[in-house]
1. For residue 105, work out the one condition from (1) open to solvent by 70 Å² or more (accessible area, probe 1.4 Å); (2) closer than 20 Å to residue 18 by Cα; (3) modelled with pLDDT of 90 or more it doesn't fulfil.
2. Could you check region 17-42 and list, in sequence order, the residues that are touching a Phe, Trp or Tyr at 6+ places or on another chain (Cβ under 9 Å) and more than 23 Å from residue 117 (Cβ to Cβ)?
3. Taking only pairs six or more apart or across chains, which ones have beta-carbon atoms under 7 Å, a first residue in region 61-82 that is open to solvent by 40 Å² or more (accessible area, probe 1.4 Å), and a second residue that is in a strand (DSSP E or B)?
4. At least 1 residues that are without any contact (Cβ under 8 Å) to a residue 12 or more places away in the chain, open to solvent by 30 Å² or more (accessible area, probe 1.4 Å) and among the hydrophobic types (A, V, I, L, M, F, W, C) in each: list the helices (runs of 4 or more DSSP H) lying fully within region 145-236 that qualify.
5. Please identify the pairs in which a residue from region 3-22 that is hydroxyl-bearing (Ser, Thr, Tyr) has its Cβ atom under 8 Å from the Cβ atom of a residue that is modelled with pLDDT of 95 or more, counting only partners at least 6 apart or on another chain.
6. Considering only region 149-170, state which residues are farther than 25 Å from residue 200 by Cβ and within 22 Å of the chain's Cα centre (by Cα).
7. Mind listing whichever residues of region 5-39 are more than 12 Å from the ligand (Cβ to nearest atom), among the β-branched types (Val, Ile, Thr) and surrounded by fewer than 19 Cβ atoms within 10 Å (Cβ to Cβ)?
8. Quick check on region 50-60: of everything there that is closer than 21 Å to residue 22 by Cβ and open to solvent by less than 30 Å² (accessible area, probe 1.4 Å), which residue is farthest from the ligand (Cβ to nearest atom)?
Amino acid sequence: MDEKKKILVVEDEKNIATVLAYNIRKEGYDCDVAYDGETGLAMATEGEYDLLLLDIMLPKMTGFEICDRVRLVSQVPIIFVTAREEEKDRILGLETGADDYVTKPFSFKELMARVRANIRRSSGEVVKKRAEAAGGPIRIGELVIDRERYSVTKAGELVELSKKDYDLILFLAEHVGTAFTREELLEAVWGYDDYYGDIRTVDVTVSRIRKKIENDPARPEYLLTKRGVGYLLFDR
Ligand code: CA
């Protein structure tokens, strides 16, 4: 029933493009390839793609320029493939409208994990699931997680949270009392099912949340560590 998602690869090194397209198709996606920036931009704006994979150094137009132009008309997920540190810095600096990047040389396993995660996020499955699950507020001790307003209050006071903070609290609240590993949380909350980055992302987020919701972040009462497993939200 699911129609095939379609990916555009813009890459001027033909052998890399060929291997990319091969791997993408093997994963069950449709794939088109453009070998220069101008053609890539034309295809990206005319075709209906679910994700763009852009090399940065391209003939006629860089991947950054393609990204800028595409962003004027579309929110399609864009992943940059970069070989250079300064390009990576620019992407990380969020001066571009990219959603993600991989650094050459990359493993296809890593790349495909990023592709899947970005497509899943953009196709709104996460949002849909949340909407389906959304009911009334969840109350845990003094915390109230309001799924309609996407907000958390503690003893009636609004807690300032980033989107990921909120997503993580909500996920744990919907499974209150159950401990999850960092890998499980990465998949559920960040959308990576094979994340080569850093599972410490989860630890950093947990510690940030604790500063906001715990009376004493060093001795948490809500967001607990389960030794040897991971994290859970606890309701006394
Ligand atoms: Ca290139």
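The values are calculated or read from the model by the stated rules, or taken from the named source; none is laboratory data. Everything quoted here is computed from the prediction, not taken from an experiment. All Cβ positions, even for glycine, are placed from backbone atoms using ideal geometry, and neighbour counts span all protein chains on display. For accessibility, only protein heavy atoms count, side chains too; no ligands or nucleic acids. Shrake-Rupley method; radii C 1.70, N 1.55, O 1.52, S 1.80 Å.
1. Unmet for residue 105, out of (1) open to solvent by 70 Å² or more (accessible area, probe 1.4 Å); (2) closer than 20 Å to residue 18 by Cα; (3) modelled with pLDDT of 90 or more: (3).
2. Answer for region 17-42, where residues must be touching a Phe, Trp or Tyr at 6+ places or on another chain (Cβ under 9 Å) and more than 23 Å from residue 117 (Cβ to Cβ): there is none.
3. Short answer, once both residue conditions are applied: none.
4. Details: elements: 163-174, 182-185, 200-213.
So the answer is 200-213.
5. Listed pairs, sorted by first residue: 18/33.
6. Of the residues in region 149-170, the ones farther than 25 Å from residue 200 by Cβ are 149-151, 153-158.
Within region 149-170, 149, 150, 151 qualify.
7. Residues satisfying the conditions are 18, 19, 39.
8. Narrowing region 50-60 to residues closer than 21 Å to residue 22 by Cβ: 50-55, 58.
Cutting the leftovers down to open to solvent by less than 30 Å² (accessible area, probe 1.4 Å) gives us 51-55, 58.
On the way: 51: 19, 52: 15, 53: 12, 54: 10, 55: 4, 58: 5 Å.
Among them, the one singled out is 51.
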